[in-house]
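Here is the structure we will look at.
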There are 2 protein chains.
Amino acid sequence: MSNPNPAPTLRDVAEAAGVHTATASRALNPKTRQQISAETARRVMRAAQALGYQPNSAARSLKTSRSSTVGLVIPDLTNPLFPPIVRGVESVLESDGYNVWIVNTDNDDERERAQIESLRSRQVEGLIVATARLEHPLLRRLHQQGVTMVLINRQVEDLSIPAVTGDDATGVAAAVDHLVRLGHTRIAHLSGPLTTSTGRVRAQAFRHAVRDHGLPDDLVIECARWSEEDGATAMRELLAGEAQFTAIMAGNDLIALGCYDVFAERGISCPDDVSVIGFNDMPFLDKLRPPLTTVAVPHHELGAEAARMLLDCIDQPARPARSLLLPVTLVVRGSTAAPRS
Amino acid sequence: MSNPNPAPTLRDVAEAAGVHTATASRALNPKTRQQISAETARRVMRAAQALGYQPNSAARSLKTSRSSTVGLVIPDLTNPLFPPIVRGVESVLESDGYNVWIVNTDNDDERERAQIESLRSRQVEGLIVATARLEHPLLRRLHQQGVTMVLINRQVEDLSIPAVTGDDATGVAAAVDHLVRLGHTRIAHLSGPLTTSTGRVRAQAFRHAVRDHGLPDDLVIECARWSEEDGATAMRELLAGEAQFTAIMAGNDLIALGCYDVFAERGISCPDDVSVIGFNDMPFLDKLRPPLTTVAVPHHELGAEAARMLLDCIDQPARPARSLLLPVTLVVRGSTAAPRS
DNA sequence: TTGTATGCGTTATCAG
DNA sequence: CTGATAACGCATACAA
């Protein structure tokens, strides 16, 4: 901020209270306040109040080599899936005295590197990372360097880094069951990028689920990104192919919305001609035309659990990595129905 | 982060390169690099690279009393209106060497106070604030204390603080014109909270616009918050009243969605029975049933302009406050049609 | 209970 | 061009 009146320092407070800086420091810190007389403490605190004193956290963090800050690395804040995660993380960490620094990588490797570097230079005490890919040299390197870190929503290949995710496999199985029960026998999957754990796990779960029902598992198309646009592209590709199908399991809600776009474009009616299921249950899906059947992931909970796990990791650095899987639930709406024929 | 191998300091780099810390510092800082020989600079930079040196920004900021950080204060990140603003802000500030610290106030005064306090203790060089209310003692006090600050989306009462907002009045006028041209003569307004400038400006613009068309301006109900739930409450209240109406100008898209909820509840058909217009053009409105007619606000631009304005304010602290109004555009979709009768 | 002294890692100001 | 030195604001070990 600017400085017509430069910010008061601890020294100003101490002078105003007629004590030494060390005493003032102790008076202002709840953990050391007991060491000094109640009377002095009161005087110091009053002086601090009067001057509008704000401790300089750079100085504090330099001295204590603690920042009371953790970094939260998000691929794209405009994807409605992430804000609830942010809130969940904040709800736990802030009540524990931490501040959360959110950075947006825009799904760009170089930005991610720069942002994480910036967080590290600010001595964050840990990282919650939502940008993991199965192969992720940067995260692997940081982890080896001993950076305290918890993954959220997505994992790396070998589960060597602690992570909190939704139980995608069960969610996909429930979705496929629902379609099969409606009578569908030709189900396609428009998967997310198979470079991400969510993409791969959901695609594998899809194959297993349809096979378990004795159905063909070859109708899988991979989207390059988790976006409406790429969902539409995949949908067009599916339509261009020979294969018949009456239902689509989309890798996530955005991909499902891409399907909606193509339906509108081609005059396909959902759910009359084709049923669709999304994944995540992002906001406002109940108001779509038709309302989208999807798998609800408890994103706020995911964030809160990741934050708790990070706190544990900070407290016990030697703690072995674990993966926490949170239950998901199928939400049936209007985009699924029995096949026409 | 944890420290199996404590982070290398400038001193480590200097030793590895066989120079003094001061020299190493100059070599690593692009602005002072010219002061030293190319050969030495190269040696230092190589050493830094090899050690994985990250400057400790707490130490730097303590010494320089600059943080290269600005704070961004958001009322609620899960409102889809804000992520694009965040991106716009980041796009400008990050290319200018600043980092952006986003905080969420949850529309809670106490949280806002605590969050801003925390930002200040981190010596942020300026604030971009999206939580303004017309009466806002906290912001007013900060401004008087000389805190560099730009408001976004909303203003305070007397425009004494620089601000970037959408041209709400023109947007509302265009929306009302559209309804009148369709033949509506009884138009209601479900306004946002009149404690916010957006709520009040839109409500005033609504009254002016309908009066300009010779229509009654008394059908205005205020929502307590900018939410779907409060929109629904206001809609029920409107229906419970005596007044006839065939169209609704909602204070924003969320309030309009609340109307949709009540329509579903009461079997009212939109746009056959009632037309609705929202405000903001948040994502996915085109996929609602029916697609929502709304006023598009260029949120990314708003963020970018606010960031530019903040940079100007940081450079020239004496600069008088100005308000920048960005143009908005009516987006006609399926929620508006000619009245039935 | 309070005061004194020191150093966190960096950069700015001097000398050389 | 480079090195020595001091200081940013705070917290803490130690002394009183």
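With the requirement that a residue be hydroxyl-bearing (S, T, Y) and not in a strand (DSSP E or B), what does the range B:68-91 give you?
B:S68, B:T78, B:S91
State which residue is nearest to the other protein chains (Cβ to nearest Cβ) when the search covers only the range B:5-24 and only residues that are within 8 Å of DNA strand D (Cβ to nearest atom) and touching a residue at least 12 places away in the same chain (Cβ under 8 Å).
B:A24
Checking the condition within 14 Å of chain A (Cβ to nearest Cβ), touching a helix residue (DSSP H, G or I) at 6+ places or on another chain (Cβ under 8 Å) and away from DNA strand D (no atom under 16 Å from the Cβ), which residue from B:L72, B:L28, B:L62 passes?
Every option except B:L72 fails the conditions.
In the range A:280-309, which residue that is within 18 Å of the chain's Cα centre (by Cα) and within 11 Å of chain B (Cβ to nearest Cβ) is surrounded by the fewest Cβ atoms within 10 Å (Cβ to Cβ)?
The qualifying residue surrounded by the fewest Cβ atoms within 10 Å (Cβ to Cβ) is A:H300.
Take the residues of the range B:91-110 that are in contact with an Asp or Glu (Cβ under 8 Å, 6 or more places away or on another chain) and not aliphatic (A, V, I, L, M): which is farthest from the other protein chains (Cβ to nearest Cβ)?
Among them, the one singled out is B:N107.
Kindly list the number of the only condition in (1) surrounded by fewer than 18 Cβ atoms within 10 Å (Cβ to Cβ); (2) charged (D, E, K, R); (3) assigned to a helix (DSSP H, G or I); (4) within 13 Å of DNA strand C (Cβ to nearest atom) that fails for B:K31.
The number of the failed condition is (3).
If I ask for residues that are part of a helix (DSSP H, G or I) and surrounded by 19 or more Cβ atoms within 10 Å (Cβ to Cβ), which ones from the range B:7-24 would you list?
Result: B:L10, B:V13, B:A14, B:A17, B:T23, B:A24.
Can you run down the residue pairs with Cβ atoms below 7 Å, 6 or more apart or on separate chains, where the first is in the range A:272-284 and closer than 28 Å to B:D281 by Cβ and in contact (Cβ under 8 Å) with a residue 12 or more places away in the chain and the partner is basic (K, R) and buried (at least 24 other Cβ atoms within 10 Å of the Cβ)?
Close Cβ pairs (under 7 Å, with a partner that is basic (K, R) and buried (at least 24 other Cβ atoms within 10 Å of the Cβ)) amount to A:F279/A:R202.
Test B:L134 against the criterion of being assigned to a helix (DSSP H, G or I) and more than 10 Å from chain A (Cβ to nearest Cβ), and give yes or no.
no
Looking at (1) without any contact (Cβ under 8 Å) to a residue 40 or more places away in the chain; (2) on the phi < 0 side of the Ramachandran plot; (3) at the interface with chain A (Cβ under 9 Å from one of its Cβ atoms), which is the only condition B:V124 fails?
Every condition holds for B:V124 apart from (1).
Under 6 Å between Cβ atoms, at least 6 apart or on separate chains: pull out the pairs that start in the range A:89-112 with a residue that is free of Cβ contacts under 8 Å to residues at least 24 places away in the same chain and end on any residue that is in a loop (DSSP other than H, G, I, E, B) and not basic (K, R).
Filtered contacts from the range A:89-112: A:R111/A:T105.
Condition check ((1) modelled with pLDDT of 95 or more; (2) assigned by TED's automatic domain parsing to the domain that holds B:A306; (3) within 16 Å of B:P317 (Cα to Cα); (4) in contact with a Lys or Arg (Cβ under 7 Å, 6 or more places away or on another chain)) across all residues:
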| site | (1), (2), (3), (4) |
| --- | --- |
| B:E135 | yes, yes, no, no |
| B:L139 | yes, yes, no, no |
| B:H143 | no, yes, yes, no |
| B:V150 | yes, yes, yes, no |
| B:N153 | yes, yes, no, no |
| B:S160 | no, yes, yes, no |
| B:A173 | yes, no, no, no |
| B:H178 | yes, no, no, no |
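Hey, can you tell me all the residues within the range A:318-334 that are of a type outside the set (D, E, K, R) and either more than 16 Å from A:E305 (Cα to Cα) or modelled with pLDDT under 95 (or both)?
Answer for the range A:318-334, where residues must be of a type outside the set (D, E, K, R) and either more than 16 Å from A:E305 (Cα to Cα) or modelled with pLDDT under 95 (or both): A:A318, A:P320, A:A321, A:S323, A:T329, A:L330, A:V331, A:V332, A:G334.
Return the residue satisfying two criteria in turn: it lies in the range A:208-220 and is of a type outside the set (V, I, T) and buried (at least 19 other Cβ atoms within 10 Å of the Cβ), and of such residues it is farthest from the chain's Cα centre (by Cα).
A:L219
I'd like the full set of residues that are within 8 Å of DNA strand D (Cβ to nearest atom), surrounded by fewer than 19 Cβ atoms within 10 Å (Cβ to Cβ) and among the hydrophobic types (A, V, I, L, M, F, W, C), limited to the range A:34-59.
Hit for the range A:34-59 is A:A59, nothing else.
If you take the residues of the range A:39-59 that are more than 23 Å from A:R120 (Cβ to Cβ) and hydroxyl-bearing (S, T, Y), which of them is farthest from the other protein chains (Cβ to nearest Cβ)?
A:T40
Just one of the numbered conditions (1) at pLDDT below 95; (2) assigned to a helix (DSSP H, G or I); (3) farther than 30 Å from B:E265 by Cα is not true of A:G303; which one?
Failing condition for A:G303: (1).
The values are calculated or read from the model by the stated rules, or taken from the named source; none is laboratory data. Note that the coordinates shown come from a computational prediction; the quantities given were computed from them, not determined experimentally. Every residue, glycine among them, receives a Cβ derived from its backbone with ideal geometry; neighbour counts consider all protein chains shown.
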